[in-house]
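Report on one structure; see the data block that follows.
Here, each number is a calculation from the coordinates, and none is a lab measurement. On a predicted model such as this, the values are computed, not experimentally measured, just so you know. All Cβ positions, even for glycine, are placed from backbone atoms using ideal geometry, and neighbour counts span all protein chains on display.
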Amino acid sequence: MRLFRFSFFVVLTLAFCLSVFWHPVRASINENVRGLADSSQGYISFNCLDDDFAGVFPFTFEFRFNVPPCSFSQHGVNLDIDNNFSGLAWNPTLGFIDFGATSTPPDNYAFNVNCLSTCNAGNSCSACYNENNQRVYGWAKVISNNSWIELNSVVSPQTSITNYLAPTPGIFSGYASSSIGSIRFNCSDNSSCGTFDHKVYIWKLELTEMSAPNWSFNDACTSGARKIVFKWLRRSGTQTAYRVIVNTVNSTSTPVFDSGTLTGSAAQLVCPGPLCGFTPEYNTTYYWWLQLWNQDNEATELFQFNTNTYGNLTDNVAGNNVANPDDANLTFTAYKHEFPIPYFTWSPFEILVGTSTDFSSNSRYYTTASPNSNSQLCVDGNCQFLWTASDPAALIANATRSTTSIVFANLHPQSVSLRVTDADLYTCSTSSPLLSINFALPLWKEVKAE
């Protein structure tokens, strides 16, 4: 009898597996969403790597068994670089749940107003993620009964993904709405982690942004022009180490700089700096790549800086000159030379209210021929000038000339500022210390008593 019951369960199990898992899906290792959501029908698995077949079938076994993950199915859900969902989740009662359904969802794709790219049947997209507000929008379809799960739920909190600025990015939270009730993506939403510690998350180390040189005019004015801050923002995953490669050609072979593996979760590398001995050359175009390591010491691919994907060119945009225009989105260009040095004097030194004081620029600037030496005197014609005063009632005779005169109207301590811009539009400013503005002494005339 026991042998018969055992045989019956084996046959029933095989039949169930064939009926549930016989569906063309992609290998889960290629999908970046993992974890378990909770519903009234049991858990919903977003990746077969997280399936636990023991005791989760819609009927009860008298014994417990373990099956290697993805043995029967290689289902998985993916969130692509355009923030569109695709792929299949799985529930032991409902079967497969399609996040890339091609049939028209109940709102006829009205949720697209919240997507940064368009979802439609043509690109097999029925749900998206808006990284600006961290919300998930759209629908997933239960294949077995053609019912829909609304991801932009009416239940609060609504489905979201912790953004890349958080300590642990890529974690889902909130609820979805469906005919089987609300579906919870994270046990922390109702403090139930003690009974069922579950969550849905993006498990791969992925980026949302790479940027360079991150060295502003103000930085170049105060600390020199030859510096780069390589920055990146993670979309998901845990980072334990990183590596930055820099080259003047679009190749990682024989680079001009390779940091090697640097331990830590840092999101930037300053060059030159304590961890980087590389100093960029003036007026030189650079490519750069980033590699990350996760908590299991597994390395990612080499991510290449590209403003068309997750790149962001900061500062010196006009100076990004490359021989091949097709590479403009892959590169940034270091500043051509040092920035101008603004400096000025005034006379007379003692400033009086209502009288004219002369201000003269003695600023210097650099050229591409001599980027950090042999500075030249800034004069009208090779530099631009802008004089301003903290006294709103001050009269400035020539605000855009190398020399000017200013008449102050107020007694309180005031300051004067000079902004200097060279021929390459590099700009620096300086200000005087607070100037004591005095009244002129009264004129006394002795008159003899009569």
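A simple packing score, the average count of other Cβ atoms within 10 Å per residue, orders the peptides 174-182, 334-342 as 334-342, 174-182, with the highest score first. Highest average first, the peptides 294-302, 91-99, 344-352 ordered by how many other beta carbon atoms sit within 10 Å of their residues are 91-99, 344-352, 294-302. Neighbours of TYR366, meaning other residues whose beta-carbon lies under 10 angstrom from its beta-carbon, give a summed charge of -1 when Lys and Arg score +1 and Asp and Glu score -1. Summing Lys and Arg as +1 and Asp and Glu as -1 over all other residues whose Cβ lies under 12 Å from the Cβ of GLY138 gives a net charge of -1.
Listed by chain and number, the aspartates and glutamates whose C-alpha is less than 14 Å from the C-alpha of LYS336, apart from same-chain residues fewer than 8 away, are GLU281, ASP315, ASP422, ASP424.
Counting Lys and Arg as +1 and Asp and Glu as -1 over every other residue whose Cβ lies under 15 Å from the Cβ of VAL155, the net charge comes to -1. Overall, the anisotropy analysis places segment 344-438 in the prolate class: the square-rooted eigenvalues a ≥ b ≥ c of its C-alpha gyration tensor yield a/c not less than 1.5, with a/b exceeding b/c.
Mean separation of Cα pairs under 8 Å and 6 or more residues apart, divided by the residue count, gives segment 206-333 a relative contact order of 28 percent. Note on segment 206-333: dipole from Cβ charges, positive end direction compared against SER265, THR307, THR331; the farthest Cα belongs to SER265. DSSP bridge analysis restricted to segment 344-438 gives an antiparallel fraction near 90%, rounded to the nearest 5. Anisotropy class assigned to segment 206-333 is prolate, per the alpha carbon gyration tensor with a/c at or over the 1.5 cut-off and a/b larger than b/c.
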